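The values are calculated or read from the model by the stated rules, or taken from the named source; none is laboratory data. Given the structure is predicted, the values throughout are model-derived calculations rather than measurements. When we count neighbours, we look across all protein chains shown, and the Cβ atoms used for this are built from the backbone with ideal geometry, even at glycine. All accessible areas refer to the heavy atoms of the entire protein, side chains included, with ligands and DNA or RNA removed. Shrake-Rupley method; radii C 1.70, N 1.55, O 1.52, S 1.80 Å.
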Amino acid sequence: MSTEKRSEVSCSRCDAVCCRLTVVLMPEDDVPRHLVERMDGGMDVMRRGEDGWCAAVDHSNMSCSIYSQRPTICRKFAMGSAYCRSERAKYREERRIEMALVQ
Ligand code: SF4
């Protein structure tokens, strides 16, 4: 997998790849209830659509539709961090394989 430099990453040029990760909600989070899924065992997470993205993603511009209310984990996710770049690399690889399969 190719590795990007931290400075090469920008949310404005990303398909909101971090918004495909499981977002575990903290007790202090206050997000609209219809966007929350309760897992077996009682843990609350952000609901995800069939496409894999968080249900709060606005697909018209791949941004968070509840930005000012976004969960704690989302606030802490650092653009360009090693985790961010690793998820972006995985996403690019998935897309490359999907494109190869449809040709
Ligand atoms: S709540 Fe917003 S920032 Fe967090 S994963 Fe969902 S769309 Fe992304």
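Remarks
- Helix 82-102 and the long axis of the chain differ in direction by around 60°, with both axes built from C-alpha atoms.
- Set against the 2.2 N^0.38 Å expectation for a compact globular protein, the chain has a Cα radius of gyration ratio of 1.15.
- By a 1.4 Å probe calculation restricted to protein chains, residue 65 has an accessible surface near 80 Å², given to the nearest 10.
- For the range 1-53 and the range 54-103, distance of Cα centres in Å: 7
- Top of 11, 74, 19 by mean-square fluctuation, Gaussian network on the chain, Cα under 10 Å: 11
- A Förster radius of 25 Å, combined with the Cβ-Cβ distance separating residue 61 from residue 95, puts the computed FRET efficiency at roughly 0.85.
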